[in-house]
Amino acid sequence: MRLLLLFTVLALTACGGTWSNRDLEFVAALPSRAALSAKLPASATSTQPLSRSDGLNAGEPSQAFAETKKAVTDFNGLLDFFLGVLDTVRAVPPTSRDGESRTWGPFTAKDNPGFEFQVTIALIGTEPQDTYGWKLQARRLGTPAFFDVVRGAFQASAETVRKGMGQIEVPVKDFRDQLKLGEPFNQLDSIQLGYVTSSFPNTSTLAFTFTPGNTSGFSSLGYAAKRAEDGSGAMGFSLKTTDVNTTRLDVISKWRADGAGISIATVGEGNYRGATKVECWNASFKVTFFKENWPGGRESGTQADCVSIEGL
Amino acid sequence: MTPSLPASFVRARHVLLACLVASTALADAPATGPLRRFALFVGNNEGGEGTRPLLYAADDARRMHDVMLRLGGTAQSDAMLLVNDSSDDVLTALSELERRARDARTRGDRTSLFFYYSGHAKDGALRLGNTKLPMESVKARLAQGPTDMRVAVFDACRSGSLTRTKGVRKAPAFEVETDATRAAKGLVILTSSASDEDSQESDAIGASYFSYHLASGLLGSADQNGDGRVSLAEAYAYAYERTVASTADSAAGPQHPTFSFDLAGNGDLMLTDVVQRNEGLRIPGDAPPGTYFLIDRRGVVVAEITKTEPERMIALSPGTYTVKRRLTDRLRVGEVRIADGQISTLNENELKNAKFSDDPVKGTGLTTVYSRHWSISASGQYQAIFDAPTASGGLFPSAPMVGGEATVHNFFGRGFAWSFDGQYGWSTGVVASPRLGSPAGYRYSLITVGTSLFYEWNEEGTWVPFLGARLGLSIMNREFDEAIFPRQSFTTMSPGVVAGLKYRLGRSFGLVARGRVHYLLYNVDETRSLGFAEVGLMLNYEFRD
């Protein structure tokens, strides 16, 4: 009889749970790394050995593709910084539910002892489409007020909350003095991310604003990634430096689903303004065309062998 | 207190009863009008608080009712059978019969009343379920009754020991006055046991020993003088001897029936007329002497008769019986059929030799059936949720389930069982909402554990229905096909009802069809009262001695 009583008490206290259809809507409204990351063709996962020192000759492994791949890797790595936290939080059900909002946490911040953080998302409007606002916040243990680490807004598409358009801001300058950050972030003032997933091509743009006088040599850095429905994609970045010859360098790379692509690097500002380098590669990531447009620049292959990628 | 007589005085006592009845009874005196025989038969297995249910008291009353109607000259309209009724019902029935008896006497008829009771008695009262009927008031009522002759038979006692005994707790004796000095006239009282004894029941005969032997005697076994009729004295003498013999080796000890009387007049009271019925089994004079047992289709002994030199007659009701005669080294077994309104003659030569291990007496097995015992079951069932389909916004999908159950039968008394069960279910579902657009598919799993209290009817039968309440704990989980969605779970207690029907495939195995209906409270996104129903089949195995 005691066992029965114990069983009953335990069972009664165990009632409840995380079974919520509505939670899924909030979870789907949060941006995910998988949805916003740049994706290279599947064949690009194999490493191409670079056997040459420059991109002079057609038929040799493409240096421009290797740089594109690195840029994509860097871009995705940056997304990991603030979307990775969301992915981690999203893996568990919300801690609390309050009408049209959901909160995960507070959780102890492992990388910042003495701090805890929480993620909150709320449905803040329904016209013309559902609009969500969300925040990743932190606070020192024992203090009541949270401060924003990442904040975002998302407007769902008319069809589904899984797709839409959103903005994310990381106001590094506001919390840099409180949280322990890695070295690259100590030289940043803010990170801005915009994305559109409601229509193709999906786009994600990243913009970094650096602290004046930082040691990286950059004042700002921007990425833009696009993904088309057919698997083709593009990655562009623009960086500003203190080098008077290449004050701003713009690079745009595009690729087809089979891997063939083209990269164009242009000096946008500086003494070498207008200098352009074009490199095309085939599905085997071998150079098909290479050209530098400045005097004495090199050229290899036939321009007609370059792929044409429209809409990106 | 009713003294039990030493064995050496048994025969003398029977002679005494016969002589007293013969010299004083009014019953068959030819000088007066026809005898109108009224009869009231009362049987109640339940004795209320402080007792445990009997197995055969109600059946004893039915059996005695049948015998007296077939052979005792009692018209159907003059007999009443009360099974598991209250003391008020008994008194009402008695009043009605007394009224009819007065009417009959007014018309010049002689009258008799046969009152039979089988059930519990405790603290000086007959126990009829949760009602009581004081013994003294019954005796006084009978003593002052309007009929010329009153015969009361009480088969009741205190509870007992390891054998099936009439179950009452240790208490003052069930006392029936045997002192012949009382002033009441025309009353004979028979009791099944002495004041300090238990009255025992037996699965082999499906009855209490006393009532079985009394009924068997009335069928003809007690016809000592071979006149084809069984008198009160013969019936008592036979019941006494056979009851003592049958219980001599029982764990509860020998049981000694008693009698008391207060009579005036002369002549004996004939209780049954075997010859006039002209229906039953005749054991011819040339059949080997010995005791012949008559066994019904259930394997239960319904009568026995000891054959000596002359032929014997036993007034069995129509049907097919197995006849058994026990020898020192073997059994003699055969089958006889009693046709309606005919006498069949046993041909002993047609009986076949059988080993003792092939004894056709199986007994009712009720003692085992009603004992506390375990059973286990393997189940397959389907759980249907009382909610919209998940594809239309519902919360939980319906699912097939497999599981097991352990049950303690007769745990809280006869028929009341307590069970514990566990099941595992699985299915798939989708979450569909306008905001999500395309549905989110998931894999669903369900674990339930529960405990049930239920009552089983007709435990000894082939079909055993049951009904009760259940308290279950449900633990649901779902894992989504899309990695962005976290695993979700829900745990809840759910009260419900359970009902079903068991079909016995044999002594131990049974097939059970079972249904449950439960309440389910959901309280995460909102508070909603849901429910679920489960229907399934179980293969059941009972651990019975």
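The values are calculated or read from the model by the stated rules, or taken from the named source; none is laboratory data. As the structure is a prediction and not an experimental result, all values here were calculated from the model. For neighbour counting, all protein chains shown are included, and Cβ atoms are generated from backbone atoms with ideal geometry for every residue, glycine included.
List of remarks:
- Taking the stretch B:422-441 as the range and being in contact (Cβ under 8 Å) with a residue 40 or more places away in the chain and within 13 Å of chain A (Cβ to nearest Cβ) as the test, the residues that pass are B:Gly429, B:Val430, B:Val431, B:Ala432, B:Ser433, B:Pro439, B:Ala440, B:Gly441.
- Any hit, the stretch B:294-306, residues being outside the structural domain of B:Leu35 (by TED's automatic domain parsing), surrounded by 14 or more Cβ atoms within 10 Å (Cβ to Cβ) and more than 30 Å from the chain's Cα centre (by Cα): no
- Failed criterion for B:Gly450 (all others in (1) closer than 23 Å to B:Val402 by Cβ; (2) crowded, with 18+ Cβ neighbours inside 10 Å; (3) at the interface with chain A (Cβ under 9 Å from one of its Cβ atoms); (4) in contact with a Leu (Cβ under 7 Å, 6 or more places away or on another chain) hold): (3)
- Flag for B:Thr390 being surrounded by 16 or more Cβ atoms within 10 Å (Cβ to Cβ), at pLDDT below 95 and closer than 30 Å to B:Arg478 by Cβ: yes
- Test: residue in the stretch A:134-145 that is within 14 Å of chain B (Cβ to nearest Cβ), crowded, with 16+ Cβ neighbours inside 10 Å and not aromatic (Phe, Trp, Tyr): no
- Matching residues, the stretch A:89-108, being more than 11 Å from every other protein chain (Cβ to nearest Cβ) and not in a strand (DSSP E or B): A:Thr95, A:Glu100
- Any hit, the stretch A:162-185, residues being in contact with a Lys or Arg (Cβ under 7 Å, 6 or more places away or on another chain), more than 14 Å from chain B (Cβ to nearest Cβ), exposed (fewer than 15 other Cβ atoms within 10 Å of the Cβ) and not in a loop (DSSP other than H, G, I, E, B): no
- Applying a threshold of 7 Å to beta carbon distances and a minimum spacing of six or more residues, or different chains, the list of pairs starting in the stretch B:391-418 at a residue that is assigned by TED's automatic domain parsing to the domain that holds B:Lys502 and farther than 30 Å from B:Glu526 by Cα and ending at one that is surrounded by fewer than 17 Cβ atoms within 10 Å (Cβ to Cβ) and charged (D, E, K, R) reads B:Val408/B:Arg372; B:His409/B:Arg372; B:Asn410/B:Arg372; B:Phe411/B:Arg372.
- Beta carbons closer than 8 Å, at least 6 apart along the sequence or on distinct chains, pair a first residue in the stretch A:13-29 that is facing chain B (nearest Cβ under 7 Å) with a second that is modelled with pLDDT under 95 and assigned to a helix (DSSP H, G or I) for A:Val27/A:Arg90.
- Residue under evaluation B:Lys362, criteria (1) without any contact (Cβ under 8 Å) to a residue 60 or more places away in the chain; (2) assigned to a loop (DSSP other than H, G, I, E, B), criterion not met: (1)
- Selection status of A:Leu78, closer than 21 Å to A:Gly236 by Cα and either within 14 Å of chain B (Cβ to nearest Cβ) or of a type in the set (Phe, Trp, Tyr) (or both): no
- Qualifying residue in the stretch B:109-129 (condition: within 28 Å of B:Ser250 (Cβ to Cβ) and free of Cβ contacts under 8 Å to residues at least 12 places away in the same chain): yes
- Close pairs from the stretch A:295-312: first among the charged types (D, E, K, R), partner part of a loop (DSSP other than H, G, I, E, B), Cβ under 7 Å, at least 6 apart: A:Arg298/A:Leu56
- Check on A:Pro113, at pLDDT 85 or above, at the interface with chain B (Cβ under 10 Å from one of its Cβ atoms) and either touching a Pro at 6+ places or on another chain (Cβ under 9 Å) or surrounded by fewer than 17 Cβ atoms within 10 Å (Cβ to Cβ) (or both): no
- The single condition among (1) in contact with a Pro (Cβ under 9 Å, 6 or more places away or on another chain); (2) part of a helix (DSSP H, G or I) that B:Val275 does not satisfy is (1).
- A:Lys291 vs. criteria assigned to a strand (DSSP E or B), among the basic types (Lys, Arg) and within 15 Å of A:Ala71 (Cβ to Cβ): no
- Residues of the stretch B:493-545 that turn out to be assigned to a loop (DSSP other than H, G, I, E, B), within 14 Å of chain A (Cβ to nearest Cβ) and not β-branched (Val, Ile, Thr), as a count: 3
- Of residues in the stretch A:146-159 being farther than 23 Å from A:Leu188 by Cα and surrounded by fewer than 20 Cβ atoms within 10 Å (Cβ to Cβ), the one nearest to the other protein chains (Cβ to nearest Cβ): A:Glu159
- Number of the exception - A:Gly213 against (1) surrounded by fewer than 18 Cβ atoms within 10 Å (Cβ to Cβ); (2) in a strand (DSSP E or B): (2)
- Lone unmet requirement of (1) of a type in the set (Gly, Ala, Ser); (2) under 30 Å from A:Glu25 (Cβ atoms); (3) crowded, with 20+ Cβ neighbours inside 10 Å for B:Ser379: (2)
- Hits in the stretch B:293-323 (condition: assigned to a loop (DSSP other than H, G, I, E, B) and closer than 22 Å to B:Asp203 by Cβ): B:Asp296, B:Arg297, B:Arg298, B:Gly299, B:Val300, B:Leu316, B:Ser317
- Residue ID - farthest from A:Tyr195 (Cα to Cα), chosen from residues in the stretch A:112-164 that are without any contact (Cβ under 8 Å) to a residue 12 or more places away in the chain and small (Gly, Ala, Ser): A:Gly142
- Taking the stretch B:325-359 as the range and being surrounded by 14 or more Cβ atoms within 10 Å (Cβ to Cβ), basic (Lys, Arg) and touching a Ser or Thr at 6+ places or on another chain (Cβ under 9 Å) as the test, the residues that pass are B:Arg325, B:Arg326.
- Selection of the stretch B:461-484 for residues being surrounded by fewer than 16 Cβ atoms within 10 Å (Cβ to Cβ) and more than 11 Å from chain A (Cβ to nearest Cβ) yields B:Gly461, B:Thr462, B:Trp463, B:Pro465, B:Leu467, B:Ala469, B:Glu479, B:Asp481.
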